[in-house]
Structure formats: structure tokens, C-alpha cells
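One structure is given below, encoded as C-alpha cells.
Every number in this text was worked out from the coordinates using simple rules, so none of it is lab data. Computed from a predicted structure; not experimentally measured. A quick note on method: Cβ atoms are made from the backbone with ideal geometry, for glycine too, and the neighbour counts reach across all protein chains shown.
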């Protein structure tokens with residue numbers, strides 16, 4: 001595919017902070033669901049088996065442990081996938097900022113012909129147009145001033 005970014009981690013510090021931030025909000029929320037299921041199981045057992053020594057309640061307790069284990073595993077997988085998706089999403093932010101930074105260095109070094117182009121789907125797509133317009137304006141101004149000298 002043309003124009004596809006090959007480097008996923010462009011700005012590692014920003015991208016990991018972004019992914020940890022997104023995931024950190026989900027960790028407390030992910031803990032609520034297993035706690036609700038745990039409490040519902042306890043209420044169900046207490047309601048249906050008021051005698052705590054009742055042996056017929058034992059399979060339900062084992063089922064509770066199995067279901068909670070499965071929920072915890074699924075929650076961990078969900079958090080990992082969320083972290084990876086956040087890294088992917090941060091790439092859509094960090095890539096354009098990296099290109100913009102590179103373009104600013106080129107302008108600083110006097111290369112007013114340098115244009116930047118973002119990929120389809122990247123965030124801040126209007127920045128590339130604004131940057132290219134600015135570079136053209138600076139080139140015209142620089143040429144005009146050079147003619148005056």
C-alpha cells in the first residue's frame with residue numbers, strides 16, 4: 001500500500017502515555033463487572049440456600065469461581081486489546097505531528113519548497129494544508145525581500 005507508515009511507535013513517550021491513559025480509565029471500570037457478578041452469585045446462593053452448610057450449593061460455588069475466572073481472563077484480554085488499539089490510534093496523532101516537526105526543521109533551514117502530506121485517515125489533516133500555505137507564503141516573502149536587497 002502506498003503512503004503507509006511502517007513505524008508504529010513514532011514518539012514512544014507520547015504514544016505509551018496516551019495508551020496508558022486510555023487503558024487506566026478502563027481498569028477500574030473493568031473491575032466493576034466481576035464484582036457485580038460475584039455479588040449476584042452470593043445473593044443467589046444466600047436466597048436459594050439459606051443453610052450455608054448445604055452441600056447442594058457447592059456446585060454453584062464452583063460455577064461462580066469458573067465464571068469469575070473466565071470474566072477476569074476476558075477483561076485482561078480486553079484491556080490488552082484496548083492498549084494495542086490506543087497505540088494504533090496514537091500513531092494517527094503522532095505521525096502527523098512528526099511530519100509537521102520535520103517540515104518546521106526544513107523551513108528553519110531555509111527549504112521553503114518543502115511540503116508535507118498526511119496519510120488518509122490521519123488526524124489534523126488541515127495542518128498539512130496550512131503548513132504548505134505558510135511555506136509558500138514564506139517563500140514568496142523571502143524572494144520578495146531578496147529582490148529588494
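Set the Förster distance to 30 Å, then compute FRET efficiency between residue 117 and residue 76 from the Cβ-Cβ distance, nearest 0.05.
Working: r = 40 Å, r/R0 = 1.32.
Efficiency for this residue pair is about 0.15.
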Per the helix-only model, the chain has a calculated mean residue ellipticity at 222 nm (DSSP H runs of ≥4, -39500 (n - 2.57) each, divided over all residues, rounded to the nearest 500) of -27500 deg cm²/dmol
Mean Cβ-within-10 Å packing, highest first, puts peptides 85-94, 105-114 in the order 85-94, 105-114
Listed with the fewest Cβ neighbours within 10 Å leading, 47, 38 appear as 47, 38
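Assuming a ≥ b ≥ c are the square roots of the Cα gyration tensor eigenvalues, decide whether the stretch 70-125 counts as rounded (a/c under 1.5), prolate (otherwise, with a/b larger than b/c) or oblate. Don't jump to the answer; show the numbers that get you there.
On the way: a/c = 7.96, a/b = 3.89, b/c = 2.04.
Cα axes put the stretch 70-125 in the prolate bin.
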By the mean-Cβ-within-10 Å protection proxy, highest first, 95-101, 18-24 rank as 95-101, 18-24
For the chain, longest principal axis from Cα atoms; helix 12-48 axis from its Cα atoms; angle between them, nearest 10 degrees, is 20 degrees
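Based on the mean of other beta carbon atoms within 10 Å per residue, what is the order of 123-133, 62-72, most packed first? Working shown, then result.
Working: 123-133: 14.6, 62-72: 12.6.
Sorting 123-133, 62-72 by mean packing, highest first, produces 123-133, 62-72.
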For the chain, the Debye formula with one identical point scatterer on each Cα and no solvent gives log10 I(q)/I(0) at q = 0.08, 0.10, 0.14 Å⁻¹ as -0.48, -0.60, -0.82
